[in-house]
1. Among the numbered conditions (1) part of a loop (DSSP other than H, G, I, E, B); (2) open to solvent by 20 Å² or more (accessible area, probe 1.4 Å), tell me where GLU327 comes up short.
2. So, TYR503, is that one more than 22 Å from ALA281 (Cβ to Cβ), of a type in the set (Phe, Trp, Tyr) and open to solvent by less than 80 Å² (accessible area, probe 1.4 Å) or not?
3. What number of residues within region 442-467 satisfy the criterion of being in contact (Cβ under 8 Å) with a residue 24 or more places away in the chain and touching a helix residue (DSSP H, G or I) at 6+ places or on another chain (Cβ under 6 Å)?
4. In region 292-324, what residues are in a strand (DSSP E or B) and under 25 Å from the mean Cα position of the chain (by Cα)?
5. Quick one: which residue in ALA67, ALA96, ALA139, ALA71 is at pLDDT 95 or above, crowded, with 23+ Cβ neighbours inside 10 Å, closer than 30 Å to PRO344 by Cα and of a type in the set (A, V, I, L, M)?
6. If the requirement is being assigned to a loop (DSSP other than H, G, I, E, B), surrounded by 16 or more Cβ atoms within 10 Å (Cβ to Cβ) and either out of contact with any His (no Cβ under 7 Å at 6 or more places or on another chain) or not charged (D, E, K, R) (or both), which of these qualifies: ALA390, ALA375?
7. Are any residues in region 466-499 under 23 Å from GLY136 (Cα atoms), open to solvent by 30 Å² or more (accessible area, probe 1.4 Å) and either at pLDDT below 95 or more than 16 Å from the ligand (Cβ to nearest atom) (or both), and if so, which ones?
8. If you take the residues in region 418-438 that are touching a residue at least 40 places away in the same chain (Cβ under 8 Å) and part of a loop (DSSP other than H, G, I, E, B), which one is surrounded by the most Cβ atoms within 10 Å (Cβ to Cβ)?
Amino acid sequence: MALARGLRYTKRIRFIGAESVMETYKMYIDGEFVDAENGDRNDSINPFNGEAIASIPRGGAADVNKAVAAARKAFDHGPWPRMTGEERSELIGKAAALLKERMKDYAKLESLDSGGTINKTGADAFLASRQLAFFGEQAKRFNEEAEPIDGMMREGRSFNYTIREPMGVCAQIIPWNFPYMMAIWKLGPALATGNTVVLKPASDTPVMALELARVFDEVGFPPGVVNIISGPGGVIGEALTTHPDVDKVAFTGSTEVGREIMAKAAGTLKKVTLECGGKGANIVLDDADLDIAIDGSIWASYYHQGQVCESGTRLMLDANGHDDFVEQMVEKLNAMTMGDPLDPATQLGPVVSQAQMKSVLEYIEIGKNEGALLACGGGQATGGDLDKGAFVQPTLFTGVNNQMRIAREEIFGPVLGVLKYDSVDDAIEMANDSIFGLSAGVWSSDIDKAKNVASRLRSGTIWINEWHMLSERSPFGGYKQSGVGREFGDEGLHEYTEMKTLYVDDAKTRDNKPWYDMVVARPKSDA
Ligand code: NAD
């Protein structure tokens with residue numbers, strides 16, 4: 001099997017290096033590895049060659065009910081929310097250490113499951129272990145968050161303070177583009193703050209989440225704190241978002257499903273955080289260093305075959321520099337290496353599935369019919385190894401205007417549209433004319449000028465002369481229909497907490513209680 005090339009056999013990941021032994025995963029509920037109640041299973045498919053790599057339980061509403069009951073019990077009666085931050089930190093830290101140790105194996109697993117190149121999944125695996133370690137550190141600080149409030153209404157008699165507490169049972173739903181990291185972004189802050197969770201990975205890429213269940217089990221998380229269930233998004237999503245015992249829903253995925261989740265969660269007024277889609281404007285100013293801006297724009301839009309929410313998918317070029325920029329970019333795009341995601345020389349792997357390839361190819365047809373001009377690519381990539389996979393040629397459209405569907409909707413494939421601008425004001429107006437507001441970028445040799453443009457862009461993250469760089473210390477999230485709430489930083493942690501206010505009167509006397517005369521004492525008559 002070509003896929004097994006160079007992979008290390010480990011006991012934990014049995015199918016690797018052993019052609020006929022496909023790993024059979026189970027869901028993880030209440031500290032037990034279990035099949036779906038209905039016994040159904042699906043295979044997870046490698047998009048590089050269409051081979052099944054793992055057998056996955058196809059759960060349903062009955063499994064959601066079991067998992068939520070376990071998480072509820074663990075929250076209401078278990079040790080996890082009652083542990084100190086240090087104790088939680090220690091267990092999270094142990095899990096992070098295992099992730100670090102198994103970084104290489106997990107990168108390969110993620111490549112097999114998602115089609116991400118090994119360079120991408122290697123970086124993800126490194127970051128995932130680092131990020132979980134960071135959330136473990138945040139758990140320690142969470143203890144110290146009792147905040148006194150200054151300037152009391154009744155100075156000298158009473159004092160107020162606030163304290164942050166865990167929210168309860170958190171349902172977490174994640175997408176297929178960064179399956180491993182998205183699981184960590186969800187589990188990390190929820191666990192650091194003492195919540196219990198039920199996490200559901202995307203149907204196309206369930207492997208790493210189910211693998212993580214083994215890690216949390218191995219390091220000794222109490223039963224019911226982490227529950228991982230797999231199955232179709234519609235059925236499981238509906239059951240999770242309407243369940244009366246779920247306190248919060250955290251979702252990463254498309255804006256369309258995000259809207260549905262918000263509507264369903266409204267029935268029980270759950271707390272909701274949503275990390276949704278984007279259509280990032282990538283503005284190249286006329287003073288930008290051309291070499292860096294061209295390479296940077298390829299990185300901004302074709303990384304992971306364009307399947308990144310915060311990609312720069314609307315490239316805005318000054319009318320004067322447009323032709324030269326496009327010509328050089330096309331040359332580089334045509335030279336990109338497509339192939340086996342496990343080969344470190346591969347720059348573009350397959351998209352996540354045959355269905356996603358079909359959707360991307362449909363968008364290319366839409367672009368052509370709308371009158372955009374193909375500068376390169378424009379179809380399925382075939383030949384040799386590529387024939388069995390879901391490969392799309394890196395595609396560049398010029399002559400795009402901001403009203404076209406290819407400029408307004410997420411394509412989620414290696415397809416970029418170029419929009420010409422006459423003035424920086426035009427570029428900013430186009431950039432902001434979108435339902436999305438997740439990311440944007442500005443390339444310029446004048447940082448002050450770029451900062452001024454950034455200040456006028458309505459997006460949650462803006463890069464200047466860079467793209468895709470995120471720090472677990474900096475909040476990440478969307479303006480407008482790109483999302484609700486933030487991940488990372490203190491803001492991300494607080495999204496998993498309830499704020500409790502304590503009003504304490506320490507005067508130990510009834511004197512001067514403002515309510516005494518009003519309600520309790522016999523009212524004085526005027527007579
Ligand atoms: P998707 O919305 O189709 O699915 C996301 C998750 O929701 C999956 O687990 C899916 O099974 C589940 N789901 C599907 N229908 C559901 C329903 N009715 N109720 C509840 N859950 C349901 O998204 P995708 O195709 O997996 O991922 C790509 C999308 O994710 C893109 O739109 C991308 O921009 C977005 N994304 C956003 C961020 C971010 O941080 N803002 C990060 C990564 C991906």
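1. Every condition holds for GLU327 apart from (1).
2. Working: more than 22 Å from ALA281 (Cβ to Cβ): yes; of a type in the set (Phe, Trp, Tyr): yes; open to solvent by less than 80 Å² (accessible area, probe 1.4 Å): no.
No: the conditions fail for TYR503.
3. Looking only at that region, the number is 7.
4. ARG314, LEU315
5. ALA96
6. Numbers: ALA375 fails: assigned to a loop (DSSP other than H, G, I, E, B).
Only one candidate qualifies: ALA390.
7. ARG473, ASP490, HIS494, GLU498, MET499
8. LEU438
The values are calculated or read from the model by the stated rules, or taken from the named source; none is laboratory data. Only a predicted model underlies this, so the values are computations on that prediction, with no experimental measurement involved. No Cβ is skipped: glycine too gets one built from the backbone with ideal geometry, and neighbour counts run over all protein chains shown. The protein model used for the area step is the full one, side chains on, heavy atoms only, and it has no ligands, DNA or RNA in it. Shrake-Rupley method; radii C 1.70, N 1.55, O 1.52, S 1.80 Å.
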